[in-house]
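No lab work stands behind these numbers, since they all come straight from the coordinates. Please read these numbers as outputs of a predicted model, since none were measured by experiment. All Cβ positions, even for glycine, are placed from backbone atoms using ideal geometry, and neighbour counts span all protein chains on display.
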Amino acid sequence: MTQTAHGVEFSQQLSANPKSAEERAAILANPGFGDYFTDHTAVVDYKVDAEGNGGWHNARIEPYGPIMLDPSAAVLHYGQEIFEGLKAYRHADGSVWTFRPEANAARLNKSARRLALPELPEEYFLGAIRELVQADKDWVPSGDGEALYLRPFMIATEAFLGVRAAREVSFRVIASPAGNYFGGELKPVSIWISREYARAGRGGTGSAKCGGNYAASLIAQQEAEANGCKQVLFLDHFNDDAVEELGGMNVFFVFKDGSLATPALSGTILEGVTRSSVIQVAKDMGRKVSERKITLDEWRDGVASGEITEVFACGTAAVITPIGVLKDATEFIGSEDAKAGETTMAIREQLLGIQTGKVEDRHGWLTRLV
């Protein structure tokens with residue numbers, strides 16, 4: 001069967017062994033995050049022909065399962081891959097919507113340019129998401145704070161060990177029902193300061209969403225967890241210990257005058273879709289938002305003086321999470337008894353309200369999938 005989405009035809013080979021309604025219900029009762037996957041995946045192939053012309057083709061929905069790769073596939077040797085993350089939300093009337101998918105499509109192509117991968121036309125990106133969610137619509141949870149997490153990714157599949165951009169590539173989307181990222185009641189989290197490791201360097205891949213950035217952050221994340229922290233903070237040690245971002249989230253500061261600030265995009269910080277949405281939502285509330293250099297000294301002194309009243313992190317997975325304590329072996333900034341701040345929670349409620357259809361979408365951010 002072939003269906004057309006956003007002007008692109010997707011063939012469909014539906015799973016012969018999908019999860020039963022009972023199995024699916026048991027999973028949705030406690031989905032966790034990234035632990036379970038839906039019955040299907042969306043796939044689009046890319047290949048450069050003998051004349052050197054590349055093109056996307058064979059858009060399809062197929063059963064979820066292992067990917068067949070040659071042992072010499074470029075992604076396995078040179079890490080030529082990128083990915084995205086976004087969510088599908090079930091609204092009160094049963095319809096399913098996603099949030100700012102065009103921004104994710106644009107960022108995927110920005111990452112593709114940096115990793116020497118082919119750019120994917122937006123219609124393929126949006127079509128793949130729509131077709132996959134329509135095939136697996138029963139997997140979209142409806143609980144408070146729950147959503148269907150969508151993971152689009154692109155990998156170099158060409159069997160070739162020469163060091164050059166791959167000429168065969170696969171774009172795929174998988175989906176996973178997701179509960180609250182940090183689990184349970186929303187409470188301020190503790191963050192570990194990485195003194196030894198950097199997330200990215202000048203001229204590197206920090207502004208791209210690629211696996212290598214996350215692989216490089218894992219040792220610091222392990223250090224954080226060993227010290228009782230949920231996340232790790234990376235600094236620019238060659239720029240007055242300027243705040244960069246967490247292992248997978250951007251950081252915001254709330255000041256006593258009601259204004260907000262977040263580290264300016266410097267080429268080493270990922271331009272988060274949630275980050276840009278928080279900036280707009282805060283401005284809609286009449287708050288001033290600045291994007292600028294913020295140092296560890298300013299964080300420390302601001303909390304001590306009361307100039308900084310709240311700090312929170314944001315990202316697709318966790319949406320908005322208040323930060324209570326920032327620490328390492330010698331530093332302890334904040335309080336373990338901190339409560340989620342009023343501004344943090346107001347912005348979070350507004351953003352989640354837009355995503356779930358409870359608050360008016362003034363900016364046209366929502367796209368209906370089902």
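Gaussian network model of the chain, Cα springs within a sub-10 Å range: biggest mean-square fluctuation belongs to which of 196, 146, 245? Maximum fluctuation in the GNM of the chain, among the listed residues, is at 196. For the chain, modelled as a GNM whose springs connect Cα atoms under 10 angstrom apart, the maximal fluctuation among 250, 104, 239 occurs at 239.
Calculate, for residue 359 and residue 53, the FRET efficiency according to 1/(1 + (r/R0)^6) with r their C-beta to C-beta distance and R0 45 Å; round to the nearest 0.05. Write down the numbers at each step before the final one.
Numbers: r = 46 Å, r/R0 = 1.03.
After rounding to 0.05, the efficiency reads 0.45.
Straight-distance candidates among the lysines for linking to residue 339, with alpha-carbon spacing under 18 Å and chain neighbours fewer than 8 residues away dropped: 187, 230, 256, 327. Calculated FRET efficiency, residue 144 to residue 289, Cβ-Cβ distance, R0 = 25 Å: about 0.35 to the nearest 0.05. Straight-distance candidates among the lysines for linking to residue 209, with alpha-carbon spacing under 19 Å and chain neighbours fewer than 8 residues away dropped: 87, 110. Roughly how many whole Å is it from the C-alpha centroid of the stretch 309-332 to that of the stretch 94-172? About 28 Å separates the Cα centre of the stretch 309-332 from the one of the stretch 94-172. In terms of its C-alpha gyration tensor, the stretch 198-272 has an oblate overall shape, because the principal axis ratio a/c (a ≥ b ≥ c, square roots of the eigenvalues) is not below 1.5 and a/b does not outweigh b/c. The candidate values are [x] 20.5; [y] 19.5; [z] 17.1; the one derived from this structure for mean projected area of the Cα convex hull in nm² carries the label [y].
Stretched out fully, how many nm does the piece from residue 219 to residue 280 gain, at 0.36 nm a residue minus the Cα gap? Provide the component values of the computation, followed by the final result.
On the way: separation 61, 0.36 × 61 = 21.96 nm, distance 3.36 nm.
Using 0.36 nm per residue and subtracting the Cα-Cα distance, I get 18.6 nm.
Comparing 320, 61, 294 in a Gaussian network model of the chain, where Cα atoms under 10 Å apart are tied by springs, the biggest mean-square fluctuation is seen for 294.
Starting from the Cα gyration tensor of the stretch 190-234, take the square roots of the eigenvalues, sort them a ≥ b ≥ c, and report rounded, prolate or oblate (rounded when a/c is under 1.5, otherwise prolate if a/b is larger than b/c, else oblate). Intermediate values should be presented prior to the final figure.
Details: a/c = 2.56, a/b = 2.01, b/c = 1.27.
Taking the square roots of the gyration eigenvalues as a ≥ b ≥ c, the stretch 190-234 is prolate.
Computed from Cα positions, the angle between helix 101-114 and the longest principal axis of the chain comes to roughly 90 degrees.
Indicate the gyration tensor shape class of the stretch 285-327 (rounded, prolate or oblate), computed on the Cα atoms with a ≥ b ≥ c the square roots of the eigenvalues: a/c under 1.5 is rounded; otherwise a/b larger than b/c is prolate and the rest oblate. Can you show the working numbers first?
On the way: a/c = 1.76, a/b = 1.26, b/c = 1.40.
Oblate is the answer for the stretch 285-327, as a/c is 1.5 or above yet b/c matches or exceeds a/b.
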